[in-house]
1. Limited to the stretch 413-445, what total is found for residues that are at pLDDT 80 or above and either in a helix (DSSP H, G or I) or open to solvent by 90 Å² or more (accessible area, probe 1.4 Å) (or both)?
2. Are there any pairs, at least 6 apart or on different chains, whose C-beta atoms fall under 6 Å, with the first in the stretch 375-387 and over 25 Å from PRO401 (Cβ atoms) and the second assigned to a helix (DSSP H, G or I) and open to solvent by 40 Å² or more (accessible area, probe 1.4 Å), and if so, which?
3. Can you tell me which residue is least open to solvent (accessible area, probe 1.4 Å) among those in the stretch 266-289 that are over 16 Å from the mean Cα position of the chain (by Cα) and at pLDDT below 90?
4. Within the stretch 107-126, track down each residue that is among the hydrophobic types (A, V, I, L, M, F, W, C) and under 16 Å from LEU77 (Cα atoms).
5. Under the condition of being assigned to a loop (DSSP other than H, G, I, E, B) and in contact (Cβ under 8 Å) with a residue 12 or more places away in the chain, which residue from the stretch 166-181 is nearest to THR217 (Cα to Cα)?
6. Answer yes or no as to whether GLU48 is out of contact with any Ser or Thr (no Cβ under 8 Å at 6 or more places or on another chain) and open to solvent by 10 Å² or more (accessible area, probe 1.4 Å).
7. Mind listing whichever residues of the stretch 207-230 are assigned to a helix (DSSP H, G or I) and in contact (Cβ under 8 Å) with a residue 24 or more places away in the chain?
8. Go through the stretch 377-394 and give me each residue that's hydrophobic (A, V, I, L, M, F, W, C), open to solvent by 30 Å² or more (accessible area, probe 1.4 Å) and assigned to a helix (DSSP H, G or I).
Amino acid sequence: MGVRGTGGLWWGTVSCTLFLAVNGLYSASDDVIELTPTNFNKEVIQSESLWLVEFYAPWCGHCQRLTPEWKKAATALKGVVKVGAVDADKHQSLGGQYGVRGFPTIKIFGANKNKAEDYQGGRTSEAIVDAALSALRSLVKDRLSGRSGGYSSGRQSRESGGGDKKDVIELTDDSFDKNVINSDDVWMVEFYAPWCGHCKNLEPEWAAAATEVKEQTKGKVKLAAVDATVNQMLANRYGIRGFPTIKIFQKGEDPVDYDGGRTRSDIIARALDLFSDNAPPPELLEIINEDVLKTTCDAHQLCIISVLPHILDTASGRNSYLDVMLKMAEKYKKKMWGLWTEAGAQSDLESSLGIGGFGYPAMAAINARKMKFALLKGSFSEQGINEFLRELSVGRGSTAPVGGGAFPKIHAVEPWDGKDGELPVEDDIDLSDVDLDDIWDKDEL
């Protein structure tokens, strides 16, 4: 009977331990906020509040004895200081991130969420509340003196440096999929650690590149950053082992590592290549008014203007020339844009570019910022235009200033309707009464 009683007591102890291990020490009815890797960044790191966080293990006797005191403190501090708990036995990555080596470990997350302080006070609810109010008082005084604003993005150590990072998009475990995975845009994402020296060196280059890329790609290529020490679900998902790690995300494709240079020019060049690969097919615009010319040429590094023969003079058809232009625009779409006009429709523009009267089709490459242009000397074909643009890209093409130093007046014209040209219909001529002898007689006179 005694053996059975001992066995029952042993089994009751094991059952209690198993129950605690499965369910933790806190429930939803408590004022203690359960924290996990999924919600830690949003609840704690991005919060303006002061947090006291206990890292515990359900099987730990000291943790079990602290539990009622921790609950009392949480209730007393409700609405004043946030009190949370992490099952560090279940969420070992989160405990490891904050250097938890024993249980319970209590940390205070104040103004600088990346520099949590260890709590060294007593384990009674009174001692915990006193420590919380003391930390809160310090936080408020710091804010009053302007020394700390309780930065909430989880990137404090990097934000302390100079530079404008407004175009670098901060991503978290919670926001990543919605912004990146479900996006039609291209994303270049830096995974960093706030303490990493190489990350700090990259930061101003990344920020400057983000602004330039946003402008040049109209937001179609985005530069972002993930604090991998906080957002460990993402870091684990993508196998981040060193910092900084940069990955490229494109819809429907597996992410790939960026292995290029770390200067802003290197980053911008790669981003523009990605934009070119993913940009929609280019559109060829007819110059029908001044706005089309200026808006298009001002927005692109190189503006290509073609002057095509009049629709009645085009033996091979206007569409064949437009097809050639489209193929070239597709190949060079990250650096140029194509416009066209009919011969004679914009005579002032033709004159300013040294075109006029004959030699159609003609083509000019214009740098609107410098108001310089170069003319196609070879054939109006894929090979001829490709050679022309390649010569320009290596600085071997000859250029000249646009006549007058600015674009001339552009005349408003009706856009081409896409149809073949037709000669005007003339009245029938009646030759039945014509006497050729009379004409010859007059000629003889």
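1. So the count comes out to 2.
2. What qualifies is GLU382/LYS327.
3. Top of the filtered list is PRO282.
4. ILE108, PHE109
5. Filtering the stretch 166-181 for residues that are assigned to a loop (DSSP other than H, G, I, E, B) and in contact (Cβ under 8 Å) with a residue 12 or more places away in the chain, the one nearest to THR217 (Cα to Cα) comes out as ASP167.
6. no
7. ALA207, ALA208, ALA209, ALA210, THR211, GLU212, VAL213, LYS214, GLN216, listed by residue number.
8. Selection gives LEU392 alone.
The values are calculated or read from the model by the stated rules, or taken from the named source; none is laboratory data. Keep in mind it's a predicted model, so treat the numbers as computed, not measured. All Cβ positions, glycine included, derive from the backbone under ideal geometry; neighbour counts span all protein chains shown. Quick note on the areas: whole protein, heavy atoms, side chains included, nothing else; ligands and nucleic acids left out. Shrake-Rupley method; radii C 1.70, N 1.55, O 1.52, S 1.80 Å.
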